[in-house]
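The values are calculated or read from the model by the stated rules, or taken from the named source; none is laboratory data. In this text the structure is predicted, and so the values were computed from the model without any measurement. With ideal geometry, Cβ positions are generated from the backbone for all residues, glycine too; neighbour counts draw on all protein chains shown.
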């Protein structure tokens, strides 16, 4: 697994430090309470509501990281698993993880995803949804430049396998502009806009100014090919094992353009200034992948702004809403907006 040689004593200063800080935050956080439960209480609740456990459960106090969910490793008899809980404290759809369970099961049968073990709701008035996966051990690199030729080949084969799948009931983006407007609307219509801070408000205004250029550009790209894409392909979601690769977090899987995954991979924190390893993007894919980078960066900015608004509105679980995290996301978003402006 990733080796992390240092931790920050405060908010990071440079974009490189922001990238490393976010990676650290992605990797591990110490938690005492999650969605109102102590870790011990959560163990007992899971025993009551989850049929896969016959005896005791032991949950770790350090999470495995992640921004869209709280991921906690646990053991029960010979079972090594990851409990996934939502980041939001808002009322939840009880079917929140149904689609994730189904698509993960499909890809697990193909050997490229962790096996989902159970899903349900915690037995409280909020009926907090949960999903449980087998724990996946392997290597997660810090950078694309760390990928070996063999690992790059494994990843490309994995993505080619995803393209060929037909999974019902997934979201379909009709065009690049459909993707961009879908995520931009989350910021435009967010309940937190009424009380937004000056810092975040300034970032939103900057995105509003560049948005017409983004939309004009992606409108020129036309309709996407109706192929399946992972939707959140960045380095922390790629686990290499001997002769195999496992992808994590299929929540954003949808139909659109599969080359978006490569554009997103190249635009995530540690990748923009790096030389792309040979084999990641074929020569016949390069032009289209480069065009889709605009779509990927737009998503990154809008997702980040939506998260910042939710954090300021008190809608995010406290374990994912520290002041250090907020400062790092603000700096990261500022850099990505600058990146977006440079694309025109």
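What to note about this one:
- Looking at region 1-93, the strands (runs of 3 or more DSSP E) lying wholly inside it that each contain 3 or more residues that are within 19 Å of the chain's Cα centre (by Cα) and either modelled with pLDDT of 90 or more or in the same structural domain as residue 317 (by TED's automatic domain parsing) (or both) sit at 69-76, 79-86.
- For residue 141, the conditions (1) surrounded by fewer than 18 Cβ atoms within 10 Å (Cβ to Cβ); (2) more than 21 Å from residue 223 (Cβ to Cβ); (3) at pLDDT 95 or above all hold with the exception of (3).
- Test: residue in region 105-112 that is outside the structural domain of residue 266 (by TED's automatic domain parsing), at positive phi and not in a helix (DSSP H, G or I): yes
- Filter result (at pLDDT below 95, in a helix (DSSP H, G or I) and farther than 18 Å from residue 184 by Cβ) within region 309-329: 318, 319, 320, 323, 324, 325, 326, 327, 328
- Residues satisfying the stated conditions in region 54-68, i.e. touching a strand residue (DSSP E or B) at 6+ places or on another chain (Cβ under 9 Å) and over 14 Å from residue 135 (Cβ atoms): 54, 55, 56, 61, 68
- The residues listed here are 156, 119, 84; of these, the one that is surrounded by 18 or more Cβ atoms within 10 Å (Cβ to Cβ) and touching a residue at least 40 places away in the same chain (Cβ under 8 Å) is 84.
- Filter result for residue 91 (under 26 Å from residue 41 (Cα atoms) and in contact with a helix residue (DSSP H, G or I) (Cβ under 9 Å, 6 or more places away or on another chain)): no
- Residue among 151, 134 that is modelled with pLDDT of 95 or more and within 30 Å of residue 53 (Cα to Cα): 134
- From the options 136, 132, 162, 167, residue that is in a strand (DSSP E or B), touching a strand residue (DSSP E or B) at 6+ places or on another chain (Cβ under 9 Å), touching a residue at least 40 places away in the same chain (Cβ under 8 Å) and surrounded by 13 or more Cβ atoms within 10 Å (Cβ to Cβ): 132
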